[in-house]
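Enquirer: Here you go, one structure.
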Amino acid sequence: MSDERMTHIESDHPEMVDQFDRVAETLREPHTTVKSRVDEEVELHYRSYEIGPVTQKYVLLSKL
């Protein structure tokens, strides 16, 4: 993942600071992957976590 994307995650999603192991796991082993309805070249990767820094949540990552 680029430095720019990591900076975006840290600044726009502060609950994900120190959660980059989950980001990597979601990219490696998503529970669900779907194509974006807006951009057919983008894939959306989802992985659910029962316990997280805020509450139960999905990690969603888009990948070109």
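Enquirer: Looking at the range 15-38, which of its residues are out of contact with any strand residue (DSSP E or B) (no Cβ under 7 Å at 6 or more places or on another chain) and among the small types (Gly, Ala, Ser)?
Expert: Once the filter is applied, which keeps residues that are out of contact with any strand residue (DSSP E or B) (no Cβ under 7 Å at 6 or more places or on another chain) and among the small types (Gly, Ala, Ser), the range 15-38 yields only ALA24.
Enquirer: Where the second residue is of a type outside the set (A, V, I, L, M, F, W, C) and the first is free of Cβ contacts under 8 Å to residues at least 24 places away in the same chain and lies in the range 1-13, which pairs have Cβ atoms under 9 Å and are six or more apart or on separate chains?
Expert: Short answer, once both residue conditions are applied: ILE9/GLN19; HIS13/GLN19.
Enquirer: Of all residues in the range 30-54, which are of a type in the set (D, E, K, R) and under 19 Å from SER2 (Cα atoms)?
Expert: Residues satisfying the conditions are GLU41, GLU43.
Enquirer: Restricting to the range 18-60, name every residue that is in contact with an Asp or Glu (Cβ under 8 Å, 6 or more places away or on another chain) and at pLDDT 85 or above.
Expert: Passing the criteria: THR33, VAL34, LYS35, SER36, ARG47.
Enquirer: Ok, one more. Being without any contact (Cβ under 8 Å) to a residue 40 or more places away in the chain and over 15 Å from SER62 (Cα atoms): is that true of PRO30 here?
Expert: no
Enquirer: Residues GLU4, GLU25: which one is outside any loop (DSSP other than H, G, I, E, B), surrounded by 11 or more Cβ atoms within 10 Å (Cβ to Cβ) and out of contact with any Leu (no Cβ under 8 Å at 6 or more places or on another chain)?
Expert: Just one listed residue meets the conditions, GLU25.
The values are calculated or read from the model by the stated rules, or taken from the named source; none is laboratory data. Everything numeric in this text was worked out from a predicted model, so none of it was measured. For neighbour counting, all protein chains shown are included, and Cβ atoms are generated from backbone atoms with ideal geometry for every residue, glycine included.
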